[in-house]
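Student: Quick one: the structure is below, and I'll ask about it shortly.
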Amino acid sequence: MEIGKCFGVTHTVTAADVTAGTITLRGYDVAVRGGIVQVRTSAGALKAWDGAITPVEGGVSVDNSGAVDWAAGDVVTVILM
């Protein structure tokens, strides 16, 4: 069994991210298969975010396609696998 590497990235949501509805995090030299997303408010409270995470070349894209969206100032943390 091969054990892969996991690593995390954090992004503070901007007003432009909210308008676009998608955040794309790139710049990784490994093939990303997916990830785990956690969204917290600027005050640190956990949000029940339920959007989608999609692997893209060199990273991942997360969006606000669910019922609970991130907002400007929220902090999105993605553990990439």
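Student: Out of everything in the stretch 50-81 that is among the small types (Gly, Ala, Ser) and assigned to a strand (DSSP E or B), what residue ends up being surrounded by the fewest Cβ atoms within 10 Å (Cβ to Cβ)?
Tutor: Initial filter on the stretch 50-81 (among the small types (Gly, Ala, Ser)): 51-52, 58-59, 61, 65-67, 71-73.
Right, trim to assigned to a strand (DSSP E or B) and you get 59, 61.
Details: Gly59: 18, Ser61: 15.
Here the residue is Ser61.
Student: Name the single residue, out of those in the stretch 1-20 being modelled with pLDDT of 85 or more and part of a loop (DSSP other than H, G, I, E, B), that is farthest from Thr41 (Cα to Cα).
Tutor: Filtering first and then ranking leaves Thr14.
Student: Then there's this: What are the residues in the stretch 37-64 that are within 11 Å of the chain's Cα centre (by Cα) and at pLDDT below 85, if any?
Tutor: Pro55, Gly59, Val60
The values are calculated or read from the model by the stated rules, or taken from the named source; none is laboratory data. Note that the structure is a prediction, hence the values are computed from the model and not measured. Here Cβ is always computed from backbone atoms with ideal geometry, including for glycine, and neighbour counts include all displayed protein chains.
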